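Some notes on the structure that comes next.
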Amino acid sequence: MKRREDFTPGDTFESVREVDAYRPVYYAAVSGDFNPIHVDARVGRAAGYQGVILQGMCTYAWLADACIAYLDDPARLRRLRARFTKPVQVGDVIRFSGRCAAVEGARLRLELSARNQHGDEVLKSAVAEAEIEGEA
């Protein structure tokens, strides 16, 4: 497991996720979010999209997962904040990028971004706070 000295300001990390046709249905099943815009392509098209859109909380969970992979322990992630800026659609490829902005004692601050394959931000002003347990 990574130790405090393994984290340095300027470190970067990345995760890429592709939204397959089943992802909104899978996420609806586990989250209970069966809003028709997530499971019925006709509703999505009527709303001006190519079809269904992914639940925002799935995108947010993927952001958390990218942070956890960098931190090497889910218990280290203490706070995560982001603003939804663009719906994610089936077929989108989302690139989650992060940078360790600060290390202060046992606390880390991460600056994050999430962009689709066109370079459009799907999450904005994303930041995370982490703490390396037992090393405060």
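The values are calculated or read from the model by the stated rules, or taken from the named source; none is laboratory data. Keep in mind that this is a model prediction, so the values were computed, not measured. Note: ideal-geometry Cβ built from the backbone for every residue, glycine included; neighbour counts use all protein chains shown. Each accessible area value is taken on the protein alone, full model and side chains, heavy atoms only, with ligands, DNA and RNA left out. Shrake-Rupley method; radii C 1.70, N 1.55, O 1.52, S 1.80 Å.
Worth a mention:
- Selection within segment 72-106 - surrounded by 15 or more Cβ atoms within 10 Å (Cβ to Cβ), of a type in the set (A, V, I, L, M) and farther than 25 Å from Pro24 by Cβ: Ala101, Val103, Ala106
- Complete set of residues in segment 86-136 that are among the basic types (Lys, Arg) and out of contact with any Asp or Glu (no Cβ under 7 Å at 6 or more places or on another chain): Lys124
- Test: residue in segment 119-133 that is out of contact with any helix residue (DSSP H, G or I) (no Cβ under 6 Å at 6 or more places or on another chain), of a type in the set (Gly, Ala, Ser) and surrounded by 21 or more Cβ atoms within 10 Å (Cβ to Cβ): yes
- Every residue from segment 50-71 that is in contact (Cβ under 8 Å) with a residue 40 or more places away in the chain and open to solvent by 70 Å² or more (accessible area, probe 1.4 Å): Gln50, Ala69
- Residues in segment 1-36 that are of a type in the set (A, V, I, L, M, F, W, C) and either loosely packed, with under 12 Cβ neighbours inside 10 Å or over 16 Å from Val122 (Cβ atoms) (or both): Met1, Phe7, Phe13, Ala21, Val25, Ala28, Ala29, Val30, Phe34.
- Flag if Ser31 is touching a Ser or Thr at 6+ places or on another chain (Cβ under 9 Å), within 30 Å of Met1 (Cβ to Cβ) and in contact (Cβ under 8 Å) with a residue 12 or more places away in the chain: no
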